[in-house]
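Inspection log for the structure reproduced underneath, given as structure tokens.
Where a number appears in this text, it was derived from the coordinates with a stated rule and is not lab data. These numbers were taken from a predicted model, which means no experiment stands behind them. FYI the Cβ positions are ideal-geometry reconstructions off the backbone, even for glycines, and counts take in every protein chain you see.
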Amino acid sequence: MNTLKNLCISCGGTGGHFYPGLAVALEWKKQGGNVLLMIGGKHAVKQHKTASDAGIESVIVDAKPLSGNPVRLMKFFWSTFKGVRQCLSAFRKFQPDALLTMGSYAGIPPYLASRLQGIPLFLHDGNARLGKATMLMSRSAAALALSFPSPDAERCSCPSLLTGMPLRPELLAGKTGKAEAVGEINRRWQCDFSETRFTVLVFGGSLGAAGINDRCRLPAGFHPDKIQLIHLTGPGKIEEVKQYYREASFPCLLLEGSPEMHLFYSAADLVVCRAGGSTVSEIACFGKYAMLVPYPFATEDHQTLNASWLKPAGGVEVIQERDLTSDWFLDRLEKILEDPEKYRKLGEGLAAKAFPDAAQRVLTLIDQRLTELKEAGKN
């Protein structure tokens, strides 16, 4: 890196916006750069602690989502005003060479402050369908980093480049073979898993997914000698799922959630989940065959578009939640169990779509554009 020294990263809101920003921050710090996270949204305090625990400096910035409700609209303007002041103060102390925003309403105050200070702006979008905020901010951005090829890229007002989704370094570093992952799962959760059994991993994101929890279940006597199950239910949903599996004849690990996703991905032969940007990117990096059920209320159906990125490689099946039934799920699983090796290889083929170096690609894009802007200013 020649031009970039001090980098501010705006992130917050959902984990899908926060963790990619944290991944870029960790990569930049590892290379000796200076980095400051600007965290907004309702999870800001928790995410601030996560960043601190990872050794990354951060500040909490006031931010609220835009709303048509008059009272909430006033709160949005007041919060944005306070957030901009906080950002300007942080910019004066940190003297950033660039601001990278990772999307969501949490990025509005840093974006506005960067315009006031003349700080070069860079964008990252975590979905194939670009958000309205991204399109708006692209008018004054130096470049946009894309997680997936986007049909909206041509309408973007700044240069764009496919970099992939930056994933947590501990997730990538934890990738291992199935036997080792199964052994560690047995040690940590006192399970009786076997590396020879077909492992089904079911989850619905950090909050869970009722449609997946309810319809992607295995009957108590389903292939008792072949199957083992890992099901992450989401908070507040585990007791009902535990009750359902109380007489299961196959090994089960039932949890609300866990930070040990690298173990579960590594152990899995089939993944059943949503199609958020991070999840789709993780499946590609781990090379696992997947049944993807896009969140039906995602803005402009962007999860379906995310999933379509993997579909040509042959390693995923995409089904809309309105079409998902227990019978469909079990029929497809029976088909896979007829030739599990075939589907394992199809899953491995997804690795060709992966960007395990996405964080570095984002940093390279920022540095190259800063250099170009600097050279253009000299001429």
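Observations
- Karplus-derived HN-Hα couplings along the stretch 365-376 (A = 6.51, B = -1.76, C = 1.60, θ = phi - 60°), whole Hz, x at Gly and Pro: 4, 4, 5, 5, 5, 4, 5, 4, 5, 5, 5, 5
- Using the Stokes-Einstein relation with a Kirkwood hydrodynamic radius computed over Cα pairs, the translational diffusion coefficient of the stretch 170-353 at 37 °C and a viscosity of 0.692 mPa s comes to 202 µm²/s.
- Other-chain or far-sequence residues with amide H under 5 Å of LEU100's (modelled H): CYS8, ILE9, SER10, PHE122
- The residue list LEU229, ALA351, SER138 was ranked by how far each Cα lies along the charge dipole of the chain toward its positive end, using unit charges on Cβ atoms, and SER138 comes out on top.
- Computed FRET value (nearest 0.05) for LYS93 with LYS335, which takes r as the C-beta separation and R₀ as 41 Å: 0.10
- Note on ALA313 and LYS5: their simple-model spin labels are 3.9 nm apart, each label 7 Å out from Cα toward Cβ.
- Peptides ranked, highest mean first, by Cβ atoms within 10 Å: ranges 196-204, 77-85: 196-204, 77-85
- As a proxy for reagent exposure, GLU334, GLU154 were ordered by neighbouring Cβ count within 10 angstrom, fewest first; the result is GLU154, GLU334.
- 29 Å Cα-Cα reach of LYS226 towards lysines, excluding residues that sit fewer than 8 places from it in its own chain: LYS175, LYS178, LYS237, LYS242, LYS288, LYS311, LYS335, LYS342, LYS345
- Here's the picture: charge each Lys and Arg Cβ at +1 and each Asp and Glu Cβ at -1 in the chain, and of GLY315, GLY126, ALA98 the one pushed furthest to the positive end of that dipole is ALA98.
- Sites listed here are GluC sites (Glu not before Pro) in the stretch 174-281 whose DSSP assignment is loop and whose Cβ has at most 11 other Cβ atoms within 10 Å: GLU247.
- Taking amide H positions as modeled 1.01 Å from N, with prolines and chain starts lacking one, the residues under 5 Å from SER58 and 5 or more places away or on another chain are LEU37.
- Under the simplified labelling scheme, the GLN117-THR176 pair shows an inter-label distance of 4.2 nm, with each label point 7 Å from Cα along Cα→Cβ.
- Peptides 363-369, 228-234 ranked from most to least packed by the mean count of surrounding Cβ atoms within 10 Å: 228-234, 363-369.
- Modelled FRET efficiency - R0 56 Å, THR196 with LYS132, Cβ distances, 0.05 increments: 0.70
- Proximity of backbone amide H atoms, modeled 1.01 Å from N, is registered between CYS252 and LEU229 at under 5 Å, excluding neighbours fewer than 5 places apart on the same chain.
- If only the Cβ of Lys and Arg carry +1 and only the Cβ of Asp and Glu carry -1, the dipole of the stretch 188-254 around its Cα centre is close to 100 debye.
- For the chain, the dipole from Cβ point charges (+1 on Lys and Arg, -1 on Asp and Glu) about the Cα centre works out to 1500 debye, to the nearest 20.
- Separation of the ASP301 and LEU161 label points, Cα + 7 Å toward Cβ, nm: 3.3
- Over the chain, relative contact order from alpha-carbon pairs under 8 Å, at least 6 apart, %: 15
- Relative contact order (percent, whole number), the stretch 75-180, Cα cutoff 8 Å, 6+ residue spacing: 19
- Charges were assigned to the Cβ only: +1 to each Lys and Arg, -1 to each Asp and Glu. The resulting dipole of the stretch 170-353 about its Cα centre is roughly 200 debye.
- Charge tally around CYS156: other residues with Cβ under 10 Å, Lys/Arg +1 each, Asp/Glu -1 each, net -1.
- In the chain, helical runs assigned H by DSSP with n ≥ 4 each contribute -39500 (n - 2.57); averaged across all residues and rounded to the nearest 500, the mean residue ellipticity at 222 nm is -13500 deg cm²/dmol.
- Tilt relative to the chain, helix 44-53 - C-alpha long axis, 0 to 90 degrees, to 10: 80
- Rounded to the nearest 10 degrees, the angle from helix 326-338 to the longest Cα principal axis of the chain is 80 degrees.
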